[in-house]
1. For region 132-172, which positions are crowded, with 16+ Cβ neighbours inside 10 Å, at pLDDT 80 or above and not in a loop (DSSP other than H, G, I, E, B)?
2. Mind checking which residues of region 226-250 are within 25 Å of the chain's Cα centre (by Cα), surrounded by fewer than 15 Cβ atoms within 10 Å (Cβ to Cβ) and modelled with pLDDT under 95?
3. Quick one: in region 61-79, which of the residues that are within 33 Å of the chain's Cα centre (by Cα) and open to solvent by 60 Å² or more (accessible area, probe 1.4 Å) is modelled with the highest pLDDT?
4. Which condition number in (1) at pLDDT 90 or above; (2) more than 21 Å from Ile178 (Cβ to Cβ); (3) among the polar types (S, T, N, Q) is the one that Asn283 fails?
5. For region 186-204, check the following and say yes or no: at least one residue is more than 27 Å from Pro297 (Cα to Cα), open to solvent by 80 Å² or more (accessible area, probe 1.4 Å), of a type outside the set (Phe, Trp, Tyr) and modelled with pLDDT under 95.
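The values are calculated or read from the model by the stated rules, or taken from the named source; none is laboratory data. From a predicted model like this one, the values you see are computed outputs, not experimental measurements. Don't worry about glycine lacking a Cβ; one is built from the backbone with ideal geometry, like all the others, and counts go over all protein chains shown. Ligands, DNA and RNA are excluded from the accessible area calculation, which covers all protein heavy atoms including side chains. Shrake-Rupley method; radii C 1.70, N 1.55, O 1.52, S 1.80 Å.
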Amino acid sequence: MKSVLLCLLLSIPMVAFSQQTPVTPLDSSRTTFTIYLKDGGQYIGRIIQRDAIKVVVRRQGGGLSYLAPSDITRIEPYQASVRTRGREQYNVTMTDGTVYTGEIRERDSIRVILRRRGGESILSPKEIAKIEPVSDGEINLTSKEGVSAVSGENQFPWLLYNQTAIPLKRGQLTYRNIWVLYNELSYGLFGFITLRASITPSFSGQTFYNSTLYTRPSVGGKLSIPLGSVHIGGDITYRWSERSEFFYTRTNRRERTLTGFVTFGSTKSNLTLAYSDLKTINNFDRRKSIDVGFVAPIGRRLSLISDNRILIGQNSYDYDRFSQISGVLRINRPRHAFDLGFLVAIRDEDKIRLYPLPYVAYNMRLSKK
């Protein structure tokens with residue numbers, strides 16, 4: 001009897017174990033999770049390592065994130081939201097200047113979920129500066145992390161020598177170089193004022209051997225007022241230079257240029273009409289001109305830029321003052337651009353003389369914005 005009871009007692013756990021339904025553990029390395037943090041942030045990806053010290057997440061973009069378990073509030077299997085915007089592409093510009101391109105899958109007061117090539121990005125509305133549809137002329141290539149790798153639009157608010165009425169963004173710092181010699185720094189102040197400073201090395205003297213290297217510095221400021229898609233503005237520039245006179249003498253000159261202009265459109269595509277008045281402070285020489293320029297996108301990464309100047313009156317022509325016509329291709333990149341083309345200087349005294357010149361320039365955005 002005792003042996004029978006002992007056999008029954010030993011058989012109970014075996015029967016119970018054999019009747020249990022096998023449970024397959026959740027494979028974290030193959031399942032996509034939404035990981036919620038205490039600071040309100042979220043990560044979407046697969047957990048490839050998890051212990052008491054760290055949680056390693058392979059994000060949908062391909063990168064790795066190392067999270068502390070104490071910073072995590074909860075982990076849930078990821079459930080994609082219902083698409084709300086179809087397949088229409090958008091450029092989402094952040095306050096730090098970063099641009100994300102993709103489809104908006106979800107948008108509310110808490111977050112914006114952007115589906116891009118290689119995964120999804122969860123963005124905070126507080127950090128978004130603007131959201132714009134991607135036009136047909138823009139490039140929609142994205143990098144591994146989802147940041148726009150190629151920008152198809154011109155981002156610099158100037159033509160060749162002349163400005164447009166569009167200002168630099170607040171806090172934006174840029175640099176441009178023309179013909180290797182001309183160097184200019186510009187800074188956006190308050191979003192409607194642009195400050196500039198430039199320097200141009202040059203030579204003065206009658207022969208190569210007694211020439212002296214000096215610089216022609218200039219400073220300027222531009223005020224821009226937006227009126228919808230139209231900008232009106234004014235610019236003032238001072239430039240200091242030397243000029244060789246008769247009997248091997250040199251004189252210092254200070255020039256002041258006032259410009260008023262109106263620009264229709266944006267930096268990507270615009271038309272600028274301007275009137276400028278240059279006055280030499282020392283001897284009251286004057287130069288008045290009408291300036292006409294435009295920027296037109298002509299393909300992927302390319303913009304056609306033309307900057308033309310017509311001097312008004314015979315007195316406006318001096319030994320270093322010319323009318324001009326130009327045509328330049330600007331090769332646009334995310335942070336810089338190259339200008340390649342031609343510029344034809346025109347003299348109109350007793351007869352018209354043309355001086356065609358190649359035009360080469362480099363433009364660069366130094367700040368993150």
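1. Trp158, Gln163
2. Leu227, Gly228, Ser229, Val230
3. Within region 61-79, the first condition is being within 33 Å of the chain's Cα centre (by Cα), and the residues that meet it are 61-67.
Those left that are additionally open to solvent by 60 Å² or more (accessible area, probe 1.4 Å): 64, 66.
Details: Leu64: 83, Tyr66: 86.
Going through the qualifying residues, I end up with Tyr66.
4. Result: Asn283 passes all but (1).
5. Here is the first cut: in region 186-204, the ones more than 27 Å from Pro297 (Cα to Cα) are 189-190, 197-204.
So of that shortlist, the ones also open to solvent by 80 Å² or more (accessible area, probe 1.4 Å) come out as 190, 203.
So of that shortlist, the ones also of a type outside the set (Phe, Trp, Tyr) come out as none.
The answer is no; no qualifying residue exists.
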